[in-house]
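This report refers to the structure that appears directly beneath it.
The values are calculated or read from the model by the stated rules, or taken from the named source; none is laboratory data. In this text the structure is predicted, and so the values were computed from the model without any measurement. Here the Cβ is made from the backbone with ideal geometry for all residues, glycine too, and neighbour counts use every protein chain on show. Just the protein is used for accessible areas: all its heavy atoms, side chains included, with ligands, DNA and RNA removed. Shrake-Rupley method; radii C 1.70, N 1.55, O 1.52, S 1.80 Å.
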Amino acid sequence: EAQRSLTMLARLARQQLQARFRGAAAARRRLSTGLNYGGLSSFANAAAEEKKKRRMNESTVEKIVPPSNYFGFVVVPQQRAYVVERLGKYHKTLEADWYMLIPFVDKIAYAHSLKEQALIIESQAAITKDNVTVMIDGVLYLKITDPEKASYGVSDAIAAASALAQTTTRSEIGKMTLDKTFEERESLNRTIVHILNEAGEPWGIECLRYEIRDIIPPQSVRESMDQQAEAIRRKRVAISESEGMLQSDVNIAEGGKRALELKAEGEASAILMKAEATAKAVRMIAEAVDKDGGEEAIALRVAEQYLEAFGNIAKESTTMMLPSNAADPSSMVAQAMSMYREIVVKQKKNDKKLDDEEDDL
């Protein structure tokens, strides 16, 4: 019998070793399959992502197990609600306090948390109005407002709200083009909250808000969007450069115009100043002429200017045109003085005429 027992133990140990070897072989096959479908990194990343999602769902949704061993006395913690059945029928809802129940007659059938809960809506594929498939996920914030409806209106209110949020998101995405999904994210969030509140009222839950986390288009669409954005940026740069060049040309033209205006104003001022100086000189000469020896002084001045001009003729040009009496300067002076006397006489007549008109007035 002892030998038979040892034989049976050895057989069991051998079976356990074989089972371990088979498990190790299966693990190697799964690993090789993961390598064939994208490499070790993608396989590990997918597993880590799945574990992360599961951990997030477990950490954000609070699952409360109804107490069983209460022996007729129960204490309800803050922000919790217990649904009590009496003989299998709904009796009442217990809020935060202590209560006495009838053993074997009253039963705590359901327990709910009244806190606001964040429910992670897993990433899902949705097709837009322009037939582009996008991956979209979000976060749903809700709370239980009526524990009775949450217990008897639906089997699992949280799971029902999650499924409804997913289907509503796909439905609303299908009504929009790809560009509108990025532009009207706030409007999409409000629409989903409104639909969830209408559907969740019989379930005793209230959707406080819904936030879309990511909208991920396909790689080809992302590349096209990047190229479009780059083209828009280049267009803005080209417009800015052209506007800068236009402004530069306008500034240059305005500067040239202003320079010409200033130059013309300068020339006009110079001509005016020269005319005023000439008029002043003429008045002074006229006053000097009326004095004794004025005509002789003018004759001397005219003779000097004649000689000076006659001496500069050969310097300015090789061709000279001389008057017939170039050797007799006195005749030129006499002619100039006769012209001057005629002008003086006419000026005096005009002055006398003006004085007579003023006297008549």
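Please report Rg (one decimal) and Dmax (integer) in Å for the Cα set of the stretch 64-113.
Radius of gyration, then largest Cα-Cα span, for the stretch 64-113: 9.7, 27 Å.
For Q78, what charge total do you get from the other residues with a beta carbon under 11 Å from its beta carbon, if Lys and Arg give +1 and Asp and Glu give -1?
0
If amide H atoms are built 1.01 Å from N in the plane of the peptide, which residues on other chains or at least 5 residues away come under 5 Å of the amide H of L119?
Under 5 Å from the amide H of L119 lie the amide H atoms of L140, Y141, L142, each far enough along the sequence or on another chain.
Grab the other residues whose beta carbon is less than 15 angstrom from that of W203, score K and R as +1, D and E as -1, and report the net.
Residues near W203 contribute -4 overall.
What's the FRET efficiency of W98 with D156 using the Cβ-Cβ distance as r and R₀ = 30 Å, to the nearest 0.05?
0.55
For the modelled label position 7 Å from the Cα of V221 along Cα-to-Cβ, which residues of the stretch 108-138 have backbone nitrogen atoms closer than 11 Å?
125-136
For the stretch 64-113, what does the accessible surface come to per residue with a 1.4 Å probe? Please give it in Å².
64
Could you give the distance between the Cα centres of the stretch 82-156 and the stretch 193-269, to the whole Å?
47
Over the stretch 142-285, average the accessible area per residue using a 1.4 Å probe and give it in Å², no decimals.
66
If you take the beta carbon distance between A238 and E186 as r and set R0 to 45 Å, what does 1/(1 + (r/R0)^6) give as a FRET efficiency, to the nearest 0.05?
The pair A238/E186 has a calculated efficiency of 0.85.
Take Q247 and Q18, extend 7 Å from each Cα along the Cα→Cβ direction, and tell me the distance between the two endpoints in nm.
8.7
Averaged across orientations, what area in nm² does the convex hull of the alpha carbons in the stretch 158-292 project?
17.2
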